[in-house]
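Enquirer: Input: one structure, supplied below.
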Amino acid sequence: MDNSTPPIGVLVLAYGGPDNLDEIEPYLLDVRGGRPTSPELVEEIREHYRLIGGRSPILELTQAQASALEAALNSRGDVVYKTYIGMRHWRPYIKQAVEQMAADGLTRVIAIVLAPHYSRMSIGAYIKKVEEALAEVGGGLDMTYVESYHLQPLYLQALAQRVQEARQRFPETVRASVPVIFTAHSLPERILQWQDPYPRQLMETAQAVAELVRPVTWRFAYQSAGRSAEPWLGPNAGKVIQELADAGEKNVLIAPVGFVSDHVEILYDIDVEFRQQAEALGMRLERTTSLNDNPLFIGALADVVRSHLVLVD
């Protein structure tokens with residue numbers, strides 16, 4: 001390959017999170033588009049972060065994922081790739097990544113969000129941020145977007161592997177009968193008016209993983225709904241846990257298939273809130289280990305990126 005040819009850029013996009021407790025209020029201001037958060041809610045969310053170590057680990061985890069992805073992409077030696085990180089709501093912001101790619105002289109970039117399921121409110125919002133940054137920065141970047149990869153075989157295998165590993169924590173006599181709740185971040189119900197594919201894609205992922213780990217009893221539920229008056233997609237995972245307890249279940253396994261790394265929705269919403277609920281109901285709750293930089297998942301991302309490079313060739 002001609003050494004003067006710029007590498008293919010891979011823009012790895014994630015949500016972002018505060019690096020310390022003092023950053024929580026400005027972080028929430030960014031998430032809420034400049035609308036202030038009530039002091040009571042700021043303090044509540046600050047307490048959530050305090051309980052998980054006082055900060056979000058998402059930046060380091062995203063850096064590890066991006067580094068592993070770059071190594072996997074370059075392992076073949078036919079094309080040179082370089083990864084960049086852009087966060088939607090915290091540093092390093094998407095605009096900073098776009099500025100760096102333009103400064104590095106890149107011409108072709110593939111953008112992939114670390115969220116496998118498409119919604120106009122999620123993946124669509126990332127694409128909008130990138131497009132806004134491109135309009136401001138210029139530089140002639142040719143951007144290709146990965147919109148979803150919810151049935152990518154290696155991603156499904158990675159999830160199935162995590163479910164099987166988590167099952168091993170239960171006594172052998174009950175493993176096969178432990179109900180699994182597949183979860184993902186809830187979104188406002190108004191996305192249904194757009195025929196948004198998010199709920200369908202999530203169900204397809206859950207069904208595919210269930211096929212790989214049969215026999216299994218499973219439900220799908222949403223978690224981490226926002227604090228707004230409008231209705232959000234359900235059922236809520238907490239409600240499903242209650243229903244299982246009412247039916248006499250003593251064990252439950254949560255598999256958050258809509259999330260690919262540890263952050264507050266995993267470390268607090270599941271590990272603290274749902275676990276406390278389960279314990280109060282006399283249940284044992286376990287969850288699958290997050291994918292993070294799991295080699296199968298990184299392989300899935302690499303295959304998706306390569307396929308999108310071929311699509312635009």
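The values are calculated or read from the model by the stated rules, or taken from the named source; none is laboratory data. Because the structure is a prediction, the values reported are computed rather than measured. Here the Cβ positions follow ideal geometry from the backbone for every residue, glycine too, while neighbour counts run over all protein chains shown. Each accessible area value is taken on the protein alone, full model and side chains, heavy atoms only, with ligands, DNA and RNA left out. Shrake-Rupley method; radii C 1.70, N 1.55, O 1.52, S 1.80 Å.
Enquirer: Using 0.36 nm per residue, how much length does the chain from Leu29 to Leu151 gain when fully extended, once their Cα-Cα distance is taken away?
Expert: Contour length minus the Cα-Cα distance gives 40.5 nm.
Enquirer: Okay, next question. Could you point to the residue in Pro153, Asn294, Gly138 farthest towards the positive end of the chain's charge dipole, with +1 and -1 charges on the Cβ of Lys/Arg and Asp/Glu respectively?
Expert: Value computed over the given set: Pro153.
Enquirer: So, for the range 228-286, what is the accessible surface per residue at a probe of 1.4 Å, expressed in square angstrom?
Expert: Roughly 41 Å² per residue, with all protein chains present.
Enquirer: Charges at C-beta only: +1 for Lys and Arg, -1 for Asp and Glu. How large is the resulting dipole of the range 74-144 about its Cα centre, in Debye rounded to 20?
Expert: It works out to roughly 280 debye.
Enquirer: Restricting attention to the range 1-56, which chymotrypsin sites (Phe, Trp or Tyr not before Pro) occupy a DSSP loop and are surrounded by at most 16 other Cβ atoms within 10 Å? Mind dumping the intermediate values first?
Expert: Details: sites: Tyr15, Tyr27, Tyr49; in loops: Tyr15.
Within the range 1-56, no chymotrypsin sites (Phe, Trp or Tyr not before Pro) qualify (loop, at most 16 other Cβ atoms within 10 Å).
Enquirer: Pull out the extension gain between Asp142 and Gln207, defined as 0.36 nm times the separation in residues minus the alpha carbon to alpha carbon distance; nm, one decimal. Walk me through the intermediate numbers first.
Expert: Numbers: separation 65, 0.36 × 65 = 23.40 nm, distance 3.57 nm.
Length difference between fully extended and current span is 19.8 nm.
Enquirer: Mean separation of Cα pairs under 8 Å and 6+ residues apart, divided by the residue count of the range 33-159: what relative contact order is that in percent?
Expert: Across the range 33-159, relative contact order equals 19 percent.
Enquirer: If all Cα-Cα distances of the chain are sorted into 20 Å bins from 0 onward, what percent lands in each bin, rounded to whole numbers?
Expert: Binned Cα distances yield the sequence 31, 58, 11, 0.
Enquirer: Sticking with this structure for a sec: What net charge do the residues around Ile191 carry, taking every other residue with its C-beta under 12 Å from that of Ile191, with Lys and Arg at +1 and Asp and Glu at -1?
Expert: Around Ile191, the surrounding residues sum to 0.
Enquirer: Whole angstrom only: what separates the Cα centroid of the range 1-42 from the Cα centroid of the range 68-84?
Expert: 24 Å
Enquirer: Expressed as a whole percentage, what fraction of the accessible surface of the range 242-313 belongs to carbon and sulfur atoms when a 1.4 Å probe is rolled over the protein heavy atoms?
Expert: The value for the range 242-313 is 49 percent carbon and sulfur by accessible area.
Enquirer: Quick check on the chain: helices-only [θ] at 222 nm, where DSSP H runs of length 4 and up contribute -39,500 (n - 2.57) each and the sum goes over total residues. Nearest 500, please.
Expert: -13000 deg cm²/dmol
Enquirer: Right, next: Give the accessible surface of the range 1-114 per residue, rounded to a whole number of Å², with probe radius 1.4 Å and ligands, DNA and RNA excluded.
Expert: Result: 46 Å² per residue.
Enquirer: Kindly identify the range 128-277 as rounded, prolate or oblate by the Cα gyration tensor criterion: order the square roots of the eigenvalues as a ≥ b ≥ c, call it rounded if a/c is under 1.5, otherwise compare a/b with b/c, prolate if a/b is larger, else oblate.
Expert: prolate
Enquirer: Then there's this: Translational diffusion coefficient, Stokes-Einstein: compute it for the range 73-214 using the Kirkwood radius over C-alpha pairs as Rh, at 4 °C and 1.567 mPa s, and state it as an integer in µm² s⁻¹.
Expert: Calculated translational D: 73 µm²/s.
Enquirer: So, one more: Quick one: give the max-minus-min coordinate of the C-alpha atoms of the range 243-313 along each principal axis, largest first, in Å.
Expert: 56, 23, 18
Enquirer: Under 8 Å for C-alpha pairs, at least 6 residues apart: give me the relative contact order for the chain, rounded to a whole percent.
Expert: Details: 511 pairs, mean separation 67.2, N = 313.
With pairs under 8 Å counted, the relative contact order is 21 percent.
Enquirer: Another question, if that's okay. Would you mind telling me the share, in percent, of accessible area of the range 61-198 contributed by carbon and sulfur at probe 1.4 angstrom?
Expert: 49 percent
Enquirer: Quick one: net charge around Pro7, please, counting Lys, Arg +1 and Asp, Glu -1 for every other residue with C-beta under 10 Å from its C-beta.
Expert: Computed value for this residue: 0.
Enquirer: In whole Å, how far is the Cα centre of the range 132-176 from that of the range 213-228?
Expert: 16 Å
Enquirer: On to the next question. Kindly list the residues of the range 67-103 that lie in the label zone of Ser4, defined by a backbone N under 20 Å from the point 7 Å along the Cα-to-C-beta vector.
Expert: Label zone hits: 79-81, 103.
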